[in-house]
Amino acid sequence: MKITVIGTGYVGLVTGACMSDVGMDVVCVDVNKTKIDNLNRGILPIYEPGLDAIVARNVAAGRLHFSTDLKASIQGSEAAFIAVGTPPGEDGSTDLTASIQGSEAAFIAVGTPPGEDGSADLQYVLAVAEGIGSSINDYIVVITKSTVPVGTAEKVRGALKAALDSRGSGLTFDVASNPEFLKEGAAIDDFMKPDRIVCGVESERAQEVLSRLYKPFTLNGHPVLFMDIPSAEMTKYAANAMLATKISFMNDIANLCEIMGADVNQVRKGIGSDPRIGTKFIYAGIGYGGSCFPKDVKALASTAREQGYTMRILEAVESVNESQKSVMVTKIKAHFGKDLRGKHFAMWGLSFKPQTDDMREAPSVVIAEALMALGATVTAYDPVATEEAKHQLQDRITYASDAYQALTGADALLLITEWSEFRMPNWDRVKDALREHTVFDGRNIYSGPELRAMGFTYCGIGVR
């Protein structure tokens, strides 16, 4: 089965690589020649553990190709995944007319940045839908792949129909919803061994196309859940909103623990042993970030407001998360005073979570900006996110080449992202490098009693 993937961003590249790894012939197409040239040299535009090996293996096997020639690439394809990313500063355009010819399915997996009110911006989704309608020459299933609000499929259908009507075409098509559930840092496993594949369809023909596309990923019993389109669209938002709610709830509990003298780590163990609650996403810290949770919580709350309904829990979730990103700064001011001129801080971690270089909505940015506004200076180290951080923080902070170099001359260590290499540092080296032996642990990965016994001042989140 030949597949063409249009767009080589996060979703597109992971999709193309994983599809090729199960034996499909895949061409990933992008108008960005530099990106395609780099991919052909084995240089990936994103960091995702294991992705480079899959790409290299399937390129060598002749199953995965990269090209800027959309028209040639699409010939003979049975499906076209439209995965056009539109992050700021990147060209997300593509020649849809050339790329869609002969395709049986087109996956829309474009970015949907929030508007000022938190609503999802669908201009790219609808532009792609219009392009598809202007280009197809046979029946097609158009499948929204990225997180889009309930009702988007109807808008996609309208854009497709309008484009076909303008051509005087009588071609038929189906619209479906197939939200992605890829976790950054674990996207390969998520795609190859999915917990579930959610498909919103409106016809048996569309369901047959999706069943055939995903058959290689369901042979081991991983379920495909077919449902109506609005339910599929809602499922992704509801899933991310629930996970974000668990995080903000535990952060709120952590803050109360500090006031009451309780230890949130012990509370977490106590409630996590209840199978109705579980142990995942109940770790207190300095807030969530990334491309999904912040955007999706805002977008779902905005969708509800448009319908005259207030998602009171989700609005509280967002509020707690935003304030949680400043908790560490509050603790730093309580320890050093509000005037931080002359103080220097070492930050371990910049990405919003480990195993990714994603800096979107990262707490590190909020914390660094706040410290600099109070007169402090910052040196940071992250295993993979330094280049991304430079786009946001530029040269206003300094960047170290390793964790211990970042500590030199610092008044305190700030643990921001719980990368594995930070879990068991050489505390003697840490103590020698710091001017003041102070550790602010934003992820509660260290033991306060142990560090205090070694002569450190320790401050975690909701722990003693």
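The values are calculated or read from the model by the stated rules, or taken from the named source; none is laboratory data. Given the structure is predicted, the values throughout are model-derived calculations rather than measurements. Cβ: placed from backbone, ideal geometry, glycine included. Neighbour counts: every protein chain shown. Heads up: the accessible areas ignore ligands, DNA and RNA and are worked out on the full protein's heavy atoms, side chains in. Shrake-Rupley method; radii C 1.70, N 1.55, O 1.52, S 1.80 Å.
Taking the Cα centroid of region 157-202 and of region 237-265, what is the distance between the two, rounded to the nearest whole Å?
Cα centroid to Cα centroid, the span is 34 Å.
Over the heavy atoms of Ile229, what accessible area does a 1.4 Å probe trace out, to the nearest 10 Å²?
10 Å²
Taking every DSSP beta bridge with both residues inside the chain, roughly what % is antiparallel (nearest 5)?
5 percent
Please report, as a whole percent, how much of the solvent-accessible surface of the chain comes from carbon and sulfur atoms (probe radius 1.4 Å). Provide the component values of the computation, followed by the final result.
On the way: 10330 of 19740 Å².
Carbon and sulfur together cover 52 percent of it.
Using the Karplus curve 6.51 cos²θ - 1.76 cosθ + 1.60 with θ = phi - 60°, what ³J(HN,Hα) values do you get for each residue of region 444-451, in whole Hz, with x for Gly and Pro?
6, 9, 10, 9, x, x, 5, 5
Check which residues have an amide H placed less than 5 Å from Lys2's amide H, if you skip close sequence neighbours.
Those lying under 5 Å, H to H, from Lys2 are Asp25, Glu78.
Using a Förster distance of 60 angstrom, determine the FRET efficiency expected from the C-beta separation of Ser211 and Arg429, and round it to 0.05.
On the way: r = 56 Å, r/R0 = 0.94.
The formula returns an efficiency of 0.60 here.
If contacts are Cα pairs under 8 angstrom and at least 6 residues apart, what is the relative contact order of region 151-303 in percent?
Relative contact order here is 20 percent.
Would you work out the charge dipole size for the chain about its Cα centre, treating the Cβ of every Lys and Arg as +1 and the Cβ of every Asp and Glu as -1, and quote it to the nearest 20 debye? Could you put the intermediate results ahead of the total?
On the way: 45 positive and 57 negative charges, 182 e Å.
Taking the Cα centre of the chain as origin, the dipole is about 880 debye.
Residue by residue, what Karplus-based ³J(HN,Hα) values in Hz, rounded to whole numbers, does region 13-30 have, using 6.51, -1.76 and 1.60 with θ = phi - 60° and x for Gly and Pro?
5, 4, 4, x, 5, 5, 4, 5, 6, 9, x, 7, 8, 10, 10, 9, 10, 8
Work from the charge dipole of the chain (Cβ charges, +1 for Lys and Arg, -1 for Asp and Glu, about the Cα centre) and give the residue of Val329, Ile461, Gly50 farthest towards its positive end.
Of the options given, the answer is Ile461.
When N counts the residues of region 335-393, how does its alpha-carbon radius of gyration compare numerically with 2.2 N^0.38 Å, as a ratio?
Details: Rg = 11.8 Å, N = 59, 2.2 N^0.38 = 10.4 Å.
That works out to 1.14 for region 335-393.
Roughly how tilted is helix 204-214, in degrees to the nearest 10 and between 0 and 90, from the longest Cα axis of the chain?
So the helix axis and the longest Cα principal axis differ by about 50 degrees.
At a Cα cut-off below 20 Å, give the lysines reachable from Lys333, other chains included and same-chain residues fewer than 8 away excluded.
Lys325, Lys343
Given labels modelled 7 Å from the Cα in the Cβ direction, how far is it in nm from Arg167 to Asn137?
Placing both labels 7 Å along Cα→Cβ, they lie 1.0 nm apart.
For region 319-418, what does the accessible surface come to per residue with a 1.4 Å probe? Please give it in Å².
Working: 3830 Å² over 100 residues.
Using a 1.4 Å probe on heavy atoms only, each residue of region 319-418 averages 38 Å².
Would you kindly derive the ³J(HN,Hα) couplings of region 404-411 from the backbone phi angles with the Karplus curve 6.51 cos²θ - 1.76 cosθ + 1.60 (θ = phi - 60°), listing them in order in whole Hz, with x for Gly and Pro?
Whole-Hz 3J(HN,Hα) from phi for region 404-411: 6, 4, 5, 7, 4, x, 7, 7.
Between Arg341 and Lys280, what length in nm is gained on full extension when 0.36 nm per residue of separation is reduced by their alpha carbon distance?
18.0 nm
Rank-order 191-202, 4-15, 303-314 by packing density, defined as the average count of other C-beta atoms within 10 Å over each peptide's residues, highest first.
Numbers: 191-202: 18.4, 4-15: 27.2, 303-314: 13.4.
The peptides rank, most packed first, as 4-15, 191-202, 303-314.
For helix 51-60, what angle does its Cα long axis make with the longest principal axis of the chain, in degrees from 0 to 90 and rounded to 10?
Between helix and principal axis, roughly 40 degrees.
Return the long-range amide H neighbours of Val224 (sequence gap of 5 or more, or a different chain), with a cut-off of under 5 Å between placed amide H atoms.
Close amide H contacts, sequence-distant or interchain: Ile197.
Defining a contact as two alpha carbons under 8 Å apart and six or more residues distant in sequence, what relative contact order in percent does region 315-462 show? Please report the intermediate quantities before stating the final value.
Working: 256 pairs, mean separation 33.7, N = 148.
Reported relative contact order: 23 percent.
May I ask which residue of Tyr288, Asn40, Ala232 lies farthest towards the positive end of the charge dipole of the chain, with charges of +1 (Lys, Arg) and -1 (Asp, Glu) on Cβ and the Cα centre as origin?
Tyr288
For a protection proxy built on the mean count of beta-carbon atoms within 10 angstrom, sort 37-46, 158-167 highest first, please. Show your work: numbers first, answer last.
Working: 37-46: 14.2, 158-167: 16.4.
Peptide ranking by packing, descending: 158-167, 37-46.
As a check on your grasp of the helix formula, calculate [θ] at 222 nm for the chain: sum -39500 (n - 2.57) over DSSP H runs of n ≥ 4, divide by the residue count, round to the nearest 500. The partial results should precede the final answer.
Working: 19 runs with 199 residues, N = 464.
Only helices count here, giving -13000 deg cm²/dmol.
For the chain, what is the largest minus smallest coordinate of the Cα atoms on each principal axis, given in angstrom and ordered from greatest to least?
75, 50, 41 Å, listed from the longest principal axis down.
Report, in whole Å, the centroid distance computed from the Cα atoms of region 336-384 and region 396-464.
13 Å
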